[in-house]
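Inspection log for the structure reproduced underneath, given as structure tokens.
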Amino acid sequence: MKGMIMDEKISREMAEAEFERFAACARLDLSEFRPEKDKAEVDANRESFIEDVMAGRLVVDAEGWPTVLTESEDLPQVRFPRRPSGVDRIAMDKCKQDALNYRTYVWVGSVTKVAAAKLSALDDHDWKRIWRVFDLFLAA
């Protein structure tokens, strides 16, 4: 569904407020100590999140739950309805040991309730947006 990405741009200030609402929902505390490498990754993911909100590729609901809007007709949006948990990591145990990349799609799919096969069929730029949001949840 090509028209899913909104044409209307959101100001940086509003996008930063959306990120803060997401961060509260994700229990992401940016003030806590992190090794420099981890801090740089979180900061880069934060910046990309804000840019995606500004461009209309990511929306955050009133409670802080994010939805990534994709360019895929088969999967126009991927909503994160909750934080990842140990149950989601266990979902990867059902995968073959040598299916390392597929395990990641299963892990994200467990949280988003989207089949791993659908996630893996996305264009890489859409998948990267979904992974960045997931990675921010993991940084909490």
Legend entry - Backbone HN-Hα couplings from phi across segment 107-121 [Karplus 6.51/-1.76/1.60, Hz, Gly and Pro as x]: 4, 5, x, 5, 7, 8, 6, 10, 4, 4, 4, 5, 4, 5, 7
Inset, instruction - Report the label-to-label distance for R83 and Y102 in nanometres (one decimal), using points 7 Å from each Cα along the Cα→Cβ vector. - result: 3.1
Legend entry - segment 49-81-segment 106-139 distance, computed between alpha-carbon centres (Å): 12
Legend entry - Sequence of R27, R132, R83 once ranked by neighbouring C-beta atoms within 10 Å, starting from the fewest: R27, R83, R132
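How long is the gain from D74 to S31 if the chain were fully straight, where each residue apart is worth 0.36 nm and the alpha carbon distance is subtracted?
Difference between extended and current length: 11.6 nm.
Provide the net charge surrounding K37, with neighbours chosen by a C-beta distance below 14 Å and charges set as Lys +1, Arg +1, Asp -1, Glu -1.
So the surrounding residues net to -3.
Give me the number: length gained by fully extending H125 to A24, i.e. 0.36 nm times residue separation minus the C-alpha to C-alpha distance, one decimal in nm. Don't skip to the end; give the middle numbers.
Working: separation 101, 0.36 × 101 = 36.36 nm, distance 2.59 nm.
Full-extension gain reported as 33.8 nm.
Only counting other Cβ atoms within 10 Å, I'd like V133, V114 sorted with the fewest neighbours first.
Values: V133 24, V114 18.
The most exposed by this proxy come first: V114, V133.
Helix-only mean residue ellipticity at 222 nm, the chain, DSSP H runs n ≥ 4 weighted -39,500 (n - 2.57), per residue, nearest 500. What is it? Before the final figure, lay out the partial values.
Details: 6 runs with 74 residues, N = 140.
Taken over the chain, the calculation gives -16500 deg cm²/dmol.
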Legend entry - For segment 59-140, fraction of C-alpha pairs farther apart than 19 Å, in %: 33
Inset, instruction - Let me have the relative contact order for the chain, percent, based on Cα pairs under 8 Å that are six or more residues apart. - result: 28
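Can you put E41, E18, E13 in order, fewest other beta carbons within 10 Å first? Numbers along the way, then the final one.
Details: E41 16, E18 22, E13 9.
Taking fewest neighbouring Cβ atoms as first place, the list is E13, E41, E18.
All of the numbers you see were taken from the coordinates with simple rules; none came from a lab. From a predicted model like this one, the values you see are computed outputs, not experimental measurements. Neighbour counts are summed over all protein chains in view; Cβ atoms, including those assigned to glycine, are modelled from backbone coordinates with ideal geometry.
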